[in-house]
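Data block below; observations after.
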Amino acid sequence: MMRLKVDSLIGKRTIIIGDVGRGKTLLTLRIIKKLRELGFSNEITILDFAPSKILMGDIEAGGKLTDFGMKLNGINYYSDTIAAPRLTGRNVDEIIRLAQYNRVKCEALLLKFLENPTPILVINDITLYFQVGSLGLLPKVLGKASTFIANGYFGKSLKEDLGSGISRNERLMMMKLINFSDYVINLNEVDRVEVDC
């Protein structure tokens, strides 16, 4: 078990990583709840890059924070329709097309943040932005948010991409983001995280 004090994340860059079904979105939701309890509601922007929930056997993949019951009052929340390329693409071309579609949608959300930045930025499922391209707008975004919290896929369950290369690109960009981070919470290595103010 790991104990996480949310006030220690203020002014830091934190990345939450893990395989499908490890609780990345739920942990992010609990962190947001504690940030609100600490009085930061008006200082938070959330960019939700997650696709809608998809059932993978007996495990749910994806899911927006609002799918998990997040209340939006007082928080800048931006999202859009995002695809799950590896789970819904039928061939290499479709997987790449869906990943490029996601890139455009995510970039538009990042631009919304840059137009009206807040001290705290939370990104749910940042890996959807990383499936094609580079870090893109992320370094600029990191310069605007004094506190950055993001979660993203980092595992083996979604490795198969039909040779499209999106899994490799996603992993490389996640490694770069990890290198920019002050804290990395790897849910592949931790069974439970207790969240306190």
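Phi angles of the stretch 33-47 translate, via the Karplus equation with coefficients 6.51, -1.76, 1.60 and θ = phi - 60°, into HN-Hα couplings of 4, 5, 4, 5, 4, 7, x, 9, 3, 6, 9, 10, 10, 10, 10 Hz per residue; Gly and Pro are given as x. Volume of the convex hull of the stretch 2-118 (Cα atoms only), normalised per residue: 120 Å³. Tell me whether the stretch 51-148 comes out rounded, prolate or oblate; compute the Cα gyration tensor, take square roots of the eigenvalues as a ≥ b ≥ c, and use a/c under 1.5 as the rounded threshold. Oblate shape, in that a/c is at least 1.5 and b/c is the bigger or equal ratio.
Size check on the chain: the Cα extents along the three principal axes, sorted descending, read 47, 38, 30 Å. The slack in the chain from residue 172 to residue 68, taken as 0.36 nm per residue of separation less the alpha-carbon distance, amounts to 34.6 nm. Here the sum of -39500 (n - 2.57) over DSSP H runs of 4 or more residues, divided by the residues of the chain, equals -10500 deg cm²/dmol at 222 nm, to the nearest 500.
Simple spin-label estimate for residue 3 and residue 179 gives 3.5 nm between the two label positions (7 Å along the Cα-to-Cβ direction from each Cα). Less than 5 angstrom separates the built amide H of residue 76 from those of 44, 46, all sequence-distant by 5 or more or on a different chain. So if I take the centroid of the Cα atoms in the stretch 132-158 and the same for the stretch 5-78, what is the distance between those two points in Å? Taking the Cα centre of each part, the stretch 132-158 and the stretch 5-78 sit 14 Å apart. The charge dipole of the stretch 71-160, taken about its Cα centre with unit charges on the Cβ of Lys, Arg, Asp and Glu (plus for the first two, minus for the last two), comes to roughly 120 debye. With a Förster radius of 22 Å applied to the beta-carbon distance between residue 195 and residue 53, the computed FRET efficiency rounds to 0.50. Computed about the Cα centre, the dipole magnitude for the chain is approximately 220 debye when only Lys and Arg (+1) and Asp and Glu (-1) carry charge, each at its Cβ. Positive-end ranking of 102, 132, 143 along the dipole of the chain, with charges on Cβ about the Cα centre, is headed by 143. Relative to the current alpha-carbon distance between residue 186 and residue 108, full extension at 0.36 nm per residue lengthens the span by 25.3 nm.
Considering only 162, 186, 120, the residue lying farthest towards the positive end of the dipole of the chain is 120, judged by Cα position with unit charges set on Cβ.
In order along the stretch 137-142, the Karplus-derived 3J(HN,Hα) couplings, from 6.51 cos²θ - 1.76 cosθ + 1.60 at θ = phi - 60°, round to 7, 4, x, 5, 4, 4 Hz, and Gly and Pro are given as x. Beta bridges assigned by DSSP with both partners in the chain are antiparallel in approximately 10 percent of cases. I need the fraction of alpha carbon pairs in the stretch 83-197 separated by more than 24 Å, rounded to a whole percent. Value for the stretch 83-197 (Cα pairs over 24 Å): 30 percent. Taking θ as phi - 60° and the Karplus parameters 6.51, -1.76 and 1.60, the scalar couplings of the stretch 178-189 work out to 4, 5, 7, 8, 7, 10, 10, 9, 9, 6, 6, 10 Hz in sequence order, x denoting glycine and proline. In the elastic network of the chain, a GNM with C-alpha springs shorter than 10 Å, the most mobile of 64, 24, 140 is 140.
Gain on full extension, evaluated as 0.36 nm per residue between residue 100 and residue 157 minus their Cα-Cα distance, stands at 18.4 nm.
For the pair residue 90 and residue 146, label points projected 7 Å from Cα toward Cβ lie 5.2 nm apart.
Across the chain, Cα pairs under 8 Å and at least six residues apart give a relative contact order of 38 percent.
Every number in this text was worked out from the coordinates using simple rules, so none of it is lab data. Worth saying up front: this structure is predicted, and the values here are computed from it rather than measured. Ideal geometry is used to build each Cβ from the backbone, glycine not excepted, and the neighbour counts take in all protein chains shown.
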